[in-house]
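Chemist: Got a structure for you, questions after.
The values are calculated or read from the model by the stated rules, or taken from the named source; none is laboratory data. Note that the structure is a prediction, hence the values are computed from the model and not measured. Here the Cβ positions follow ideal geometry from the backbone for every residue, glycine too, while neighbour counts run over all protein chains shown.
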2 protein chains.
Amino acid sequence: MAENLPGRRLPRVVILGGGFGGLTAARTLKSVPVEVTLIDRTNHHLFQPLLYQVATAMLAPTDITAPIRWILRNQRNARVLMAEALSVDVARRVVLLDEGAEISYDFLIVATGSRHAYFGHDEWEADAPGLKSITDALDMRRRFLLAFEEAEKCEDDALRSAWQTFVVVGGGPTGVELAGMLPEIARGALKNDFRRIDTRQTRVILLEGGPGILVAFPPELSLRAARDLAELGVEVRTNALVTRIDQDAVYVGGDRIPARTVFWAAGNISSPLGNWLDAPLDRAGRVQVEPDLSVPNHPEVFVVGDMAAVVQDGQLVPGVAPAANQEGRTAAKNIARTLAGKPRRNFHYFNKGNLATIGRSRAIAEFGRVHIAGRLAWLMWLGVHIMYLVGFRNRLSVLLQWGYAYVTYQRGARLIAEAPAGRTGRPVG
Amino acid sequence: MAENLPGRRLPRVVILGGGFGGLTAARTLKSVPVEVTLIDRTNHHLFQPLLYQVATAMLAPTDITAPIRWILRNQRNARVLMAEALSVDVARRVVLLDEGAEISYDFLIVATGSRHAYFGHDEWEADAPGLKSITDALDMRRRFLLAFEEAEKCEDDALRSAWQTFVVVGGGPTGVELAGMLPEIARGALKNDFRRIDTRQTRVILLEGGPGILVAFPPELSLRAARDLAELGVEVRTNALVTRIDQDAVYVGGDRIPARTVFWAAGNISSPLGNWLDAPLDRAGRVQVEPDLSVPNHPEVFVVGDMAAVVQDGQLVPGVAPAANQEGRTAAKNIARTLAGKPRRNFHYFNKGNLATIGRSRAIAEFGRVHIAGRLAWLMWLGVHIMYLVGFRNRLSVLLQWGYAYVTYQRGARLIAEAPAGRTGRPVG
């Protein structure tokens, strides 16, 4: 650290965001003579690919999170600050934090990801929350579990049926994974718990605006996934563009679907920090970076992960964890090369393959020309997700919860805490 | 259930509260020809003796909770409602629920427990939260973990030291267990995670207004506990009556202790539902029940658990889980006996013993004349708590977290989620 080297200050690398991109960048700089500061508005790295399992009461939030400063505890050139970055002044090379603090950088890596977007209908968010953070997942879990409680209390048939209808908007991996979990819980975990309602009557509807679900996969796998969902009891509707959402219903054109619980998995918009980087943005707010992942005219500023619009072979590199990891590594290495007086290298995305799970025991997998579906793909999905989880404790705990759920059909995290202020308060863990 | 027996309605037993007392009462009524309705404002039974471990980032909320309707899923004469009981009309024999609903009863068992009390200083609650619910525990966890984050960011020495000072008010079991956990975390789990602060400088102060801590135990065990705490690094101050608490400090008479984090474990007051029972209350709001646990002049209304003031051999039966279980069982059996035309029996508390743990590897235990301290008492404490936890999954998960923490000195639940609205929002899981 700088304090140990009197006379000469080490270059300061500030990293915004402790997700896959930011964390990998920090770790890649471990042996580089720089001072790393990683800033996140939470204290934890979140394993986002399993977030839907927190939303559906399978895992606890602490199973898929690890404190960033614990992950970096042995990296002596890195410090971690829990703070929110409000803006960047690229001219003065400082980041403005909440509470008025400023932090200056020699190199900046921006990796603050994306939020869900409502295509100009932000008013839908209250009735159709999205899934990006632990707070989001706990809000979803609360709504989903409360819906059955409300149905059980309900005296009106139509209203009860609306409480027992769940609509998921968006046929990408998150939407499919969410929708695939719900019927199993309604028909398995909850089946003996209620006296008035029959939880097997639960409807789960997946709405996709385009012609197919999981379009990142080859067509035959995408069709297989749709068939698997249908077998699980999910009503999959494609070419179904949502035109309105309110407390009681979802509208697809003139068609009104009465539903009290709607989850949004249909679109993303980049973190607003991109607006401060003096750089061209695409339609979704992503920063159009140079081939070395730096910002045009600001070689000291890099953007990685969901926030970066990287085009390779005419296609946008997808917003997935492996891409963010690879981008974080490239950005960090380019900083090291610059400091060592070497030329930078261009980013090249290596697609390791694509996996998506559909409920219990089913998944689809694509590794180049190898396409797999069914139980084998599901086992691969399990293995990959356990392997990439941070921390031995988390791996063991997740394995335990999965084993328990697989054997008993139960869910271990069916917690609805008392609302802090009356019954309408914010979601709590 | 009533629907299955045309012509004759089964007597309705309404139970308010799904804690130890209420749940045991419901289970005791399993084979009794009654219709049981258990009402709780959350969906879960909470294993309160381990709640302090959620507050100190050892366990996840879902490790010590289980859905009440899952626990009672196979008891066909019981239904569960998630609702808040606002008042009782003993003349009309109805309970008024939130959202305006009413539910009528033939027998009522009130088991809604207690909240922490501030001896006329309710304004202290904002700066010195107590520990009764999962929401409380997550609020404590958030404050405790954030204190270190704030200390790390702090530029002012005095303020930093106040962020690194934790005051626990109250020397009963909850206060001692909380205070005993904190030094171990500061010196163990966190010791490599910060760069500016030395977490080993953390001060933990336990303030007790009376002359000793854990006064429910024999004097030699109570002294042993105080010595154990001191060895762990807790400053134990007895005869220390708190006179003021604000955001920056705790005052004991003229002595000002600068501290940004204060936890309250000093007093309880009963659930306000006691006010509706047309019955005499004691100073702490407990209902002074008859020897059969019913309310004077209302033989159809029972009060059990922390809410009941039961005097035996001149002493108040303590507000602990075994007492609540025994009271719940007696109340349920007395309802069954009444319906069978038999005389009621008086409640008799059987004290199985007393256990309290003090940090890692230490505890004190009293079983009548047998007094034990140290590692053996700690192992007994572990065994008893695992045994009484509801559900195989919870037992296994708690064992896993404990094993992990014991071996690594780490804590598995160090999660600070983003605040929902800016940085000042409510605690989330």
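Chemist: If you check B:PHE347 against the conditions, is it crowded, with 17+ Cβ neighbours inside 10 Å and either in contact with a Ser or Thr (Cβ under 6 Å, 6 or more places away or on another chain) or away from chain A (no Cβ under 14 Å) (or both)?
Modeler: For B:PHE347, the condition - crowded, with 17+ Cβ neighbours inside 10 Å and either in contact with a Ser or Thr (Cβ under 6 Å, 6 or more places away or on another chain) or away from chain A (no Cβ under 14 Å) (or both) - is met.
Chemist: Of the numbered conditions (1) crowded, with 22+ Cβ neighbours inside 10 Å; (2) at negative phi; (3) at pLDDT 95 or above, A:ALA186 satisfies every one except a single condition; which is it?
Modeler: (3)
Chemist: Now, a different point. Which condition number in (1) at pLDDT 95 or above; (2) assigned to a helix (DSSP H, G or I); (3) not aromatic (Phe, Trp, Tyr) is the one that B:VAL204 fails?
Modeler: All conditions are met except number (2).
Chemist: Still on this structure, please answer the following. Would you mind finding the one in A:ARG69, A:ARG73 that is in contact (Cβ under 8 Å) with a residue 12 or more places away in the chain and either away from chain B (no Cβ under 11 Å) or not small (Gly, Ala, Ser) (or both)?
Modeler: Answer to the selection: A:ARG69.
Chemist: Identify the residue in segment B:189-201 that is touching a Phe, Trp or Tyr at 6+ places or on another chain (Cβ under 8 Å) and not acidic (Asp, Glu) and, among all such residues, is modelled with the lowest pLDDT.
Modeler: Out of the qualifying residues, it is B:ALA189.
Chemist: Taking into account only those residues within segment A:55-66 that are more than 7 Å from chain B (Cβ to nearest Cβ) and out of contact with any strand residue (DSSP E or B) (no Cβ under 9 Å at 6 or more places or on another chain), which is surrounded by the most Cβ atoms within 10 Å (Cβ to Cβ)?
Modeler: So, considering only residues that are more than 7 Å from chain B (Cβ to nearest Cβ) and out of contact with any strand residue (DSSP E or B) (no Cβ under 9 Å at 6 or more places or on another chain), the one surrounded by the most Cβ atoms within 10 Å (Cβ to Cβ) is A:ASP63.
Chemist: Have a look at A:ALA356, A:ALA323, A:ALA308 and point out the one that is closer than 24 Å to A:GLY171 by Cα, in contact with a Pro (Cβ under 6 Å, 6 or more places away or on another chain) and among the small types (Gly, Ala, Ser).
Modeler: Within the list A:ALA356, A:ALA323, A:ALA308, the selection yields A:ALA356.
Chemist: If B:ALA331 passes every condition in (1) in contact with a strand residue (DSSP E or B) (Cβ under 9 Å, 6 or more places away or on another chain); (2) surrounded by fewer than 21 Cβ atoms within 10 Å (Cβ to Cβ); (3) in a helix (DSSP H, G or I) but one, which one does it miss?
Modeler: Only one criterion in (1) in contact with a strand residue (DSSP E or B) (Cβ under 9 Å, 6 or more places away or on another chain); (2) surrounded by fewer than 21 Cβ atoms within 10 Å (Cβ to Cβ); (3) in a helix (DSSP H, G or I) is unmet by B:ALA331, namely (2).
Chemist: Still on this structure, please answer the following. Could you count how many residues in segment A:262-283 are touching a Gly at 6+ places or on another chain (Cβ under 8 Å) and aliphatic (A, V, I, L, M)?
Modeler: Matching residues across segment A:262-283 total 4.
Chemist: Further question on the same structure: Testing A:ILE134 on (1) away from chain B (no Cβ under 14 Å); (2) under 27 Å from the mean Cα position of the chain (by Cα), one condition comes back false. Which one is that?
Modeler: Of everything listed in (1) away from chain B (no Cβ under 14 Å); (2) under 27 Å from the mean Cα position of the chain (by Cα), A:ILE134 misses just condition (1).
Chemist: Now a separate question. For the condition more than 29 Å from B:LEU59 (Cβ to Cβ), within 12 Å of another protein chain (Cβ to nearest Cβ) and at pLDDT 95 or above, what is the one hit in A:THR42, A:THR24, A:THR37, A:THR28?
Modeler: Going through A:THR42, A:THR24, A:THR37, A:THR28 in turn, the sole match is A:THR37.
Chemist: Taking the options A:VAL242, A:VAL250, name whichever one is of a type in the set (A, V, I, L, M, F, W, C), within 26 Å of A:ARG115 (Cα to Cα) and either touching a Pro at 6+ places or on another chain (Cβ under 6 Å) or assigned to a strand (DSSP E or B) (or both).
Modeler: Selected residue: A:VAL250, the only one of A:VAL242, A:VAL250 that is of a type in the set (A, V, I, L, M, F, W, C), within 26 Å of A:ARG115 (Cα to Cα) and either touching a Pro at 6+ places or on another chain (Cβ under 6 Å) or assigned to a strand (DSSP E or B) (or both).
Chemist: Also, I was wondering about something else. Given B:PHE350, B:PHE302, which one is touching a residue at least 24 places away in the same chain (Cβ under 8 Å) and assigned to a loop (DSSP other than H, G, I, E, B)?
Modeler: From the options B:PHE350, B:PHE302, the qualifying one is B:PHE350.
Chemist: Among what's in segment A:67-92 and is assigned to a loop (DSSP other than H, G, I, E, B) and of a type in the set (A, V, I, L, M), pick the residue that is surrounded by the fewest Cβ atoms within 10 Å (Cβ to Cβ).
Modeler: A:ALA91
Chemist: Separate question: In segment B:398-419, which residues are among the hydrophobic types (A, V, I, L, M, F, W, C) and more than 7 Å from chain A (Cβ to nearest Cβ)?
Modeler: B:VAL398, B:LEU399, B:TRP402, B:ALA405, B:VAL407, B:ALA419 - these are the residues of segment B:398-419 that are among the hydrophobic types (A, V, I, L, M, F, W, C) and more than 7 Å from chain A (Cβ to nearest Cβ).
Chemist: Out of A:ALA266, A:ALA225, A:ALA240, I need the residue that is in contact with a Leu (Cβ under 6 Å, 6 or more places away or on another chain), away from chain B (no Cβ under 14 Å) and within 25 Å of A:ALA57 (Cβ to Cβ). Which one?
Modeler: A:ALA225
Chemist: Before we move on, is B:ASP255 closer than 20 Å to B:GLY171 by Cβ, in the same structural domain as B:THR174 (by TED's automatic domain parsing) and exposed (fewer than 15 other Cβ atoms within 10 Å of the Cβ)?
Modeler: Answer is yes for this residue.
Chemist: Taking A:LEU51, is it of a type outside the set (Val, Ile, Thr) and under 27 Å from A:ASP136 (Cβ atoms)?
Modeler: Judged against the criteria, A:LEU51 is a match.
Chemist: If you take the residues of segment A:291-303 that are in contact with a Phe, Trp or Tyr (Cβ under 9 Å, 6 or more places away or on another chain) and crowded, with 18+ Cβ neighbours inside 10 Å, which of them is farthest from A:ALA336 (Cα to Cα)?
Modeler: A:VAL295
Chemist: Oh, and also: Farther than 19 Å from B:LEU221 by Cβ, more than 14 Å from chain A (Cβ to nearest Cβ) and of a type in the set (D, E, K, R): does that describe B:GLU327?
Modeler: yes
Here is a yes/no grid of residues against (1) surrounded by 23 or more Cβ atoms within 10 Å (Cβ to Cβ); (2) part of a helix (DSSP H, G or I); (3) aromatic (Phe, Trp, Tyr); (4) more than 14 Å from chain A (Cβ to nearest Cβ):
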{"residue": "B:ILE103", "(1), (2), (3), (4)": "no, no, no, no"}
{"residue": "B:THR112", "(1), (2), (3), (4)": "yes, no, no, no"}
{"residue": "B:MET140", "(1), (2), (3), (4)": "yes, yes, no, no"}
{"residue": "B:GLU149", "(1), (2), (3), (4)": "no, yes, no, no"}
{"residue": "B:ARG160", "(1), (2), (3), (4)": "no, yes, no, yes"}
{"residue": "B:PHE166", "(1), (2), (3), (4)": "yes, no, yes, yes"}
{"residue": "B:VAL176", "(1), (2), (3), (4)": "yes, yes, no, yes"}
